[in-house]
Amino acid sequence: MTVNLLRPPTFALVASLALLSVGVITGGLLTVFQDSIYAAARREIIKRPEVHRFAGTEIIDQARTHGIKVIGCTLTPFEGANSFREEGETMRQAVNRWIRTSGAYDGVVDFDAAVRDPANPRRIKAAFDPGDHLHPNDAGYRAMAEAIDLRLFRR
């Protein structure tokens, strides 16, 4: 089955969360969240872990009060990228461990497992690395899409 991750409204939140993760939207997060998401009558959310630094589990709690399922996604490896630092890797591992084991989410998509190099889990698998060691190539994004268990979206 082919999944179009950009088809609205199924993954409409991804773009909003991407803006949040780079700090474009920092104030009034829950207002933006409510206006964008509740108005779209969403029932599932794929929550990018970067948002934790803005709102913690408050988004999860708010979503659930509106009957929205929240799905956490792990952070992908980035060793070799210009931005790589040991502290960042330590944080990535801690965040991923929390996402996988906390029980805070209604489901988890393990993007880390989907694209990491089995010989060096701190790096993206060579077949998925376009050269910046940070962003997956098309094959990597395909692997990430295939890691999404569509049963997570059943009511």
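The values are calculated or read from the model by the stated rules, or taken from the named source; none is laboratory data. Remember, predicted model here, so these are calculated numbers, not experimental data. Heads up, the Cβs are rebuilt from the backbone with ideal geometry, glycines too, and the neighbour counts pull from every protein chain shown.
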Residues of the stretch 120-130 being exposed (fewer than 13 other Cβ atoms within 10 Å of the Cβ) and under 13 Å from residue 79 (Cα atoms), in sequence order, are 126
For residue 127, work out the one condition from (1) assigned to a helix (DSSP H, G or I); (2) within 28 Å of residue 59 (Cβ to Cβ) it doesn't fulfil.
(2)
Mind checking which residues of the stretch 131-155 are farther than 13 Å from residue 76 by Cβ, part of a loop (DSSP other than H, G, I, E, B) and modelled with pLDDT of 95 or more?
131
Quick check on my filter: what residues within the stretch 131-155 are of a type in the set (Phe, Trp, Tyr) and either on the phi > 0 side of the Ramachandran plot or loosely packed, with under 14 Cβ neighbours inside 10 Å (or both)?
none
